[in-house]
Amino acid sequence: MGNRTVERPSKRYPLGVASDATMFAGNKMIFDTDNTKYIKGEFYAGRFLIGRSLKAEQDEAGYSGQTINNFQNPGISLPNNLDPSFVSPNTFSEWIIKDLVQNSSLVNEDGKSGHYVMGTTSKDLVSDDKLISMLGAEGAKKFKDQAYKIDGNQAYLGNISYFKDNHVSTGDQAISNVTNVSDYYANLTATEYDADGNITGYKQSVFSDAIKSVGLNSKTVSGKVLNSDLPGDVIQVNIDMNAASTKTGVAVVDIDGAANNGVFQKATGISINLLNFTQGKQKIPYIILNFHNFGSFNFETNSTYSVSGYTPAQVQAQVPDNDKYYPQDYASYSQRLDLTPNDKQGQNSKEENRKIRYGTASHVLNNFNTLNGNSDSAILLNSNNGDEENFSFIGTVLAPHTNIIVQSFDGYSFAGNLITNNSIYLKANVDIDKAFGANFNSDGGFPGTSDLEPTTKVPRILSVDLPNSVNFSPENATTNYVFEYSLNNNTAIDPPSSTMHQLDGRAFSNTFKIDEPAGTDNVLWYRMNGKKWKAYKPDGNNPLQPNTTSESKTVELSIADVTEDLKTNDDSDYDDRTVYNGGEISGDYEVKDDLNPDKTVKKAFMGWHLLHKNKFSFVVASASDDLATMSADQIKAKYDNTIVNYTLNVHGDLLVNYPKVFDFGTYQLGTSGKNPESIAKGQINVENPFYMNWRVVVKNTTSGQDAIDNPLLQSHATDFNVQLYSLKTGTDDTWEPGDMLNLGDLLKGPEVPLLTLDTEHTPTGDQQLENIYGVHQIQSRINKKSLFYTDFN
């Protein structure tokens, strides 16, 4: 797709930010109030004006009294998100403000006030003094009350849900969003691009499996030669339905105005035939017409637009020929299923015919992606208001780069949304049934077009296996999975669960299942924390072998430890230096006694929740592509939806476990020898997976009357000593004694430490730090704990 990045619209918003708009004009929407007396619908414009031509840059007429969005007694079901219904990123003109503030404007179905949104920030508001000078005090208050509010605060463009959902908060972003939507649908029938991403090659059509084929005329086709009541020269689209399918189909058709000596540019109508279509069994497909190479498009008073259905029996009786008008006789034509009837046709009421016509229109999108206009209109919709059939332009007009003029005495000149990034000049009323009944996808049944997107020979990561039997299958490039792993032995703190996994050792393996298309040579690329893309070539070799077969194949590629094996010693490596603090830890629990396995012991713990956070990105790319030098847009354009992202949170809590009680047994005064000795053993467990510097300070908290009443704590009554043991290097259960440390009578105040365990090498007078220094250093790389046995006597 060259250097242009195009994103698929979401299913909820198939036309992006303009999905719910009756009319969307990125530049200006100009109401000619000589002809436009009322409008009903959802309207967005860069600026709203009252004027008499597309060239209007300010209000050109006085107060018109036109009614804007009075939804009382609608006669149809209205959308849920109808309020606010009148939106602009800029300040309204004076006469638009006066139209909005009149009593008949901005009235919801229930008779309560509707609302507008004006501006992107408070700078776009009109001052109170200016409003009062325009409207008087009462009118100024009413206008301010009509402003859309969220939680009592005036809302601006970026606050509206459907703008926010499309990441739009300014007028320029709205224009960009609409351009992307048009580009996306245009690209569905593209085959070649230039370096800038402009389409240079086209295919006639793409369609879903609910459709068997799509045919277009390559010669002039006219019904007039058969009967004067039939349409004249038309663009004829024959869509052969799959009679065995009940799914909603999608057909995207390229209409080239320059092809076949301009036969489509010269046509005055459009005729769409649904062949082998049985009403009630099959659904009207969604039809997207991509027009290009059109210098202009004028749908004037003699123009026609029809959608008709023909049953399998009718098609069998008269087989279609794309280069002949279908059907070839008026009798067969009169037996068609008319899906775009005019108001007066047949036995149905006007309302019933409109419902049918607008329902069909909601399944048609006319995409004028390349049509460029200037100050003059390039698209003219002018109602055929005679007695002829098919007089409305059917379907949504998506024309991002040109202006649109709508002129009609009866307002029937279009049925669908009108969307442009330029300007709309409206010389017609807009009725409520057309405003909402003909909106593209108004029934919510659009299945999307992801299955119709161009396919290329791009490799794909199908799944990723992680430690502890965790695996996932990537959905698309925007999905970021998050995985939690713990290095801690103490499962009471980070208990294993469906979301917290125990990591046995530090190595974090990844195994990728990769789909390699036939005849491709590929490389695995990786990126840490959104920084540089790097090719995975251990020892300079590519572990992915070329697929020289004629069929795609699935291969596996494993990396033993993505936290170490991908390091290149720069600032884009796995970050094991930044430590995130997840909060303090403290509590009590009961565990098996390490010294007496048949018993349990009450222990306490304290420390801090700590973790490393890293985002991994992987993609398999063609060996001919150097992602290190490609731009982000180039990578996204070619490998969109194949990039795998996940965030790894490794928890390494700094945790100290210590006995709640040291039991010296029972000592009965006067019954022992001269220097009685009692020993209490306990284990202090310091878990330090991230090798942090730490210090544990033991202080006396017994004071006051408690100390006086305890004879063992009196000065020189009892002498306490501690024997420290450290874990022998490379073992799990072999302990080596250190020096005996004298703690005295324990009556030091809380300001004087009795015992300090620390990784800092700062010897004190009794050398207690010297005795334990180095325990942190001697642990093997995968060991997750520093342990001390203490014998008190």
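The values are calculated or read from the model by the stated rules, or taken from the named source; none is laboratory data. Here the structure is a predicted model, which is why all the values come from computation and not from measurement. Every residue, glycine as well, gets a Cβ built from its backbone with ideal geometry; the counts of neighbours run over all protein chains shown. SASA here: full protein model, heavy atoms, side chains in, ligands and nucleic acids out. Shrake-Rupley method; radii C 1.70, N 1.55, O 1.52, S 1.80 Å.
Can you pull the percent of the chain's accessible area that's carbon plus sulfur, 1.4 Å probe, other chains left in place?
Roughly 45 percent of what the probe reaches on the chain is carbon or sulfur.
Just from its helices, what would the mean residue ellipticity at 222 nm be for the chain, if runs of 4 or more DSSP H residues each count -39500 (n - 2.57) and the sum is divided by every residue, rounded to the nearest 500 deg cm²/dmol?
It comes out at -3500 deg cm²/dmol, rounded to the nearest 500.
Give me a comma-separated list of calculated 3J(HN,Hα) values for the range 645-660, in order, Karplus coefficients 6.51, -1.76, 1.60 applied at θ = phi - 60°, integers in Hz, x for any Gly or Pro.
10, 8, 9, 10, 9, 9, 8, x, 5, 7, 9, 10, 9, 8, x, 6
How much net charge surrounds residue 212 when only other residues with a Cβ under 14 Å from its Cβ are counted (Lys, Arg +1; Asp, Glu -1)?
-1
Within the range 517-606, list the GluC sites (Glu not before Pro) lying in a DSSP loop whose Cβ has at most 12 other Cβ atoms in a 10 Å radius.
Qualifying residues, ordered by number: 551.
Taking every Cα atom in the range 256-364, find the radius of gyration and the maximum pairwise distance Dmax, and write them in Å.
15.1, 42
Using amide H atoms built 1.01 Å from N in the peptide plane, name the residues 5+ places from residue 47, or on other chains, whose amide H lies under 5 Å from its own.
28, 29
Rg/Rh for the range 71-187: what does it come to with C-alpha atoms and Rh from Kirkwood?
So for the range 71-187, dividing Rg by the Kirkwood Rh gives 1.02.
Give the cross-link partners of residue 144 among the lysines, using a straight C-alpha distance below 25 Å as the criterion and excluding same-chain residues fewer than 8 apart.
Leaving aside lysines fewer than 8 places away in the same chain, those within reach of residue 144 are 28, 37, 40, 98, 112, 123, 130, 164.
Within the range 3-62, list the GluC sites (Glu not before Pro) lying in a DSSP loop whose Cβ has at most 14 other Cβ atoms in a 10 Å radius.
7, 57
Hey, which aspartates and glutamates would be in cross-link range of residue 219, C-alpha to C-alpha under 20 Å, not counting anything within fewer than 8 residues on its own chain?
By straight Cα distance, residue 219 reaches 233, 240, 254, 256, 321, 323, 329.
At a Cα cut-off below 18 Å, give the aspartates and glutamates reachable from residue 11, other chains included and same-chain residues fewer than 8 away excluded.
20, 165, 183, 443, 451, 453, 475, 640
Determine the per residue accessible area of the chain with all protein chains present and a 1.4 angstrom probe, expressed in square angstrom.
I get 45 Å² per residue for this part.
Cα-based Rg (one decimal) and Dmax (whole number) for the range 519-660, in Å?
Values for the range 519-660 (Cα only, Rg and Dmax): 22.4, 69 Å.
Given bins 5 angstrom wide, list per bin the percent of all Cα-Cα distances in the range 284-347, short to long.
3, 11, 18, 22, 21, 14, 8, 2, 0
Mind counting lysine pairs for me in the range 404-544? Cα separation below 27 Å, and the two need to be 8 or more apart along the chain or on different chains.
So the count of such lysine pairs works out to 9.
Go through the range 42-72 and name the chymotrypsin sites (Phe, Trp or Tyr not before Pro) that are in a DSSP coil and have 15 or fewer other Cβ atoms within 10 Å of their Cβ.
Passing both the DSSP loop test and the Cβ count: 63.
Find the percent of Cα-Cα distances in the range 139-197 that exceed 17 Å, and round it to a whole number.
60
Pairwise over distinct Cα atoms, reciprocal of the mean inverse distance: report the Kirkwood radius of the range 424-563 in Å, one decimal place.
19.9
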